[in-house]
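Structure, as C-alpha cells:
The values are calculated or read from the model by the stated rules, or taken from the named source; none is laboratory data. This one's a predicted model, so the numbers in the text were calculated from it and none came from an experiment. Note that each Cβ is placed from the backbone with ideal geometry, even for glycine, and that neighbours are counted across all protein chains shown.
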Amino acid sequence: MTKNKAQIVDNIIRKSKNIALMGHRDGDGDCYGAMIGLYLSLIKLGKNVQIYSENDLPDSLQFLRENNQIIFTNKYQEEIDCFVILDTSDKNIISVPSVADKYFSDKRVTSILLDHHERGELAANVDCAWVEQKYCSTAELVFDLIKGMEIDIDSEIATALLTGIDTDTSSFQTQNTTSEAFASASYLIDKGARLYDIVQNTYFNNTVDSLKIRALVIDRLVVNRKYNVAMSYLLNEDFRNLCSEEASRMIGQANFLNTLKSKKMIIFMSEIESGVVRVSLRTRDHKVDVSKFAKALGGGGHVKAAGFLIKGHLIFDGSVIKIV
C-alpha cells in the first residue's frame, strides 16, 4: 500500500509545475520541518513551489531558513496545479482555510494529503491521501517520499526533516518512536542534518516571558483526584500582558504537564483568540486513547496526543476550570 501511494504521489508531483504546500494552524516542528524539507526537494526538481502559512516561522524554527530564502504566504495564487496538505487530518485546523477551499473547488488542481495521524475527514476531500500512522511524524513520511523519488538529500533538507522527526517524538522519548525512526534519523545525520542546531533551538530556547507563561500554567494547575486528571489553562490576556510574540505562540505546555507522574490524562486549555479555546489532551497511560475524546468533539490527533477547538471563554471558579 505504501509503495502504491508513494508512486501515485510521485507521478502527480512530476506532472505538476506549480505546487502549493500547506500544513495546520499554529504549525509545529513536524509541520514546518516536513513542509520545508519537501519544499527544498521540489525546488531541486525544477518545480515552482509556494508554502502557505497563517504565520511566519516561530522563533524556535528560524534556523531552518538560515541558508535558504524561504518565504511564506497567505495569498491565493491562481496558477497552482498541485496542492499538498501536510500533517493534519482535519479540514477545520488547516492553516489558511480560505485559500485551501479555493484549491479544493478548482478542478484543475490535484490535491494530495501527506499525514501520519489517524485518518480523518480531510482524506475524503483530496484526490490522493497518503496517510500512514506507522510513521513517527509526517517528516518521516516525507523522507520516504523524497528517497523514493531519488532526490538528493542535502544538509538543509536533512535538517528540516530531522527537526520534524525529533520534535514529534520529543527527542525519541514518546511511544510513536520506532526503530525506523532511529534509522531515518541516522540516515539524515549522515546527510548533514544539524542535530546541534535542532536541539539548541527547540529545547534550550526559553525566554523570560516563556518562563513566566510556564509559571502561570503551574500556578493554575488543578487535579481531579477522582479521575486522576490534571488540568491547567492560559487566557488571551496572559499573552497580551506579557507582550511577547514568542511567548504568545509557545506550544508544548501540554507536553510539559504530561511529565506529571501517574496521571491518566492531561487537559491544557488556552484562549487562542476571543471566544475560541484550544484544548490539548495528553496521556502516557497505555489504557487511555485521547484521540477518541478529541474526535468526539470535532478534533483529532494521536492515541497519546490530540486536541480540538471549542467556542467559548475560560472561567476558573477556584476549583473547576469551565468553558462557557
### Summary
Of the residues in region 176-211, those that are assigned to a helix (DSSP H, G or I), surrounded by fewer than 15 Cβ atoms within 10 Å (Cβ to Cβ) and of a type outside the set (D, E) come to S179, F182, A183, S186, I189, Y196, V199, Q200, Y203, V208, L211
### Message
Could you go through region 79-89 and let me know if any residue there is over 17 Å from G300 (Cα atoms), assigned by TED's automatic domain parsing to the domain that holds I13 and surrounded by fewer than 19 Cβ atoms within 10 Å (Cβ to Cβ).
### Response
yes
### Task
Hey, can you tell me all the residues within region 120-138 that are of a type in the set (A, V, I, L, M) and under 19 Å from L38 (Cα atoms)?
V126, A129, V131
#### Entry: Check on T167, over 21 Å from E66 (Cα atoms), of a type in the set (S, T, Y) and at pLDDT below 95
no
### Query
Out of region 84-110, which residues are of a type in the set (A, V, I, L, M), within 18 Å of L309 (Cα to Cα) and assigned to a helix (DSSP H, G or I)?
I93
### Task
Determine, yes or no, whether R119 is in a loop (DSSP other than H, G, I, E, B), out of contact with any His (no Cβ under 8 Å at 6 or more places or on another chain), farther than 21 Å from G300 by Cα and not polar (S, T, N, Q).
no
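Out of all the residues in region 171-181, is one or more among the aliphatic types (A, V, I, L, M) and free of Cβ contacts under 8 Å to residues at least 40 places away in the same chain?
Within region 171-181 (the criterion being among the aliphatic types (A, V, I, L, M) and free of Cβ contacts under 8 Å to residues at least 40 places away in the same chain), the answer is no, since none of the residues qualifies.
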### Task
From the list N228, N258, pick out the single residue that is more than 23 Å from H117 (Cα to Cα) and of a type outside the set (A, V, I, L, M).
N228
### Query
Got a sec? Which of D115, D152 is surrounded by fewer than 21 Cβ atoms within 10 Å (Cβ to Cβ) and either farther than 17 Å from D26 by Cβ or in contact (Cβ under 8 Å) with a residue 24 or more places away in the chain (or both)?
D152
### Query
Does T110 count as among the polar types (S, T, N, Q) and closer than 21 Å to D30 by Cβ?
no
### Summary
Note on region 305-315: residues surrounded by 13 or more Cβ atoms within 10 Å (Cβ to Cβ) and in contact with a Lys or Arg (Cβ under 7 Å, 6 or more places away or on another chain) are A305, G307, L309
### Task
Determine, yes or no, whether G252 is outside the structural domain of R25 (by TED's automatic domain parsing), surrounded by 18 or more Cβ atoms within 10 Å (Cβ to Cβ) and either hydroxyl-bearing (S, T, Y) or in contact (Cβ under 8 Å) with a residue 40 or more places away in the chain (or both).
no
### Subset of region 20-49 (residues that are more than 18 Å from T88 (Cα to Cα) and touching a residue at least 12 places away in the same chain (Cβ under 8 Å))
L40, S41, L42, K44, L45, K47, N48, V49
### Message
Which condition from (1) among the small types (G, A, S); (2) at pLDDT 85 or above; (3) crowded, with 19+ Cβ neighbours inside 10 Å; (4) under 26 Å from E237 (Cα atoms) is the one that S291 breaks?
### Response
(4)
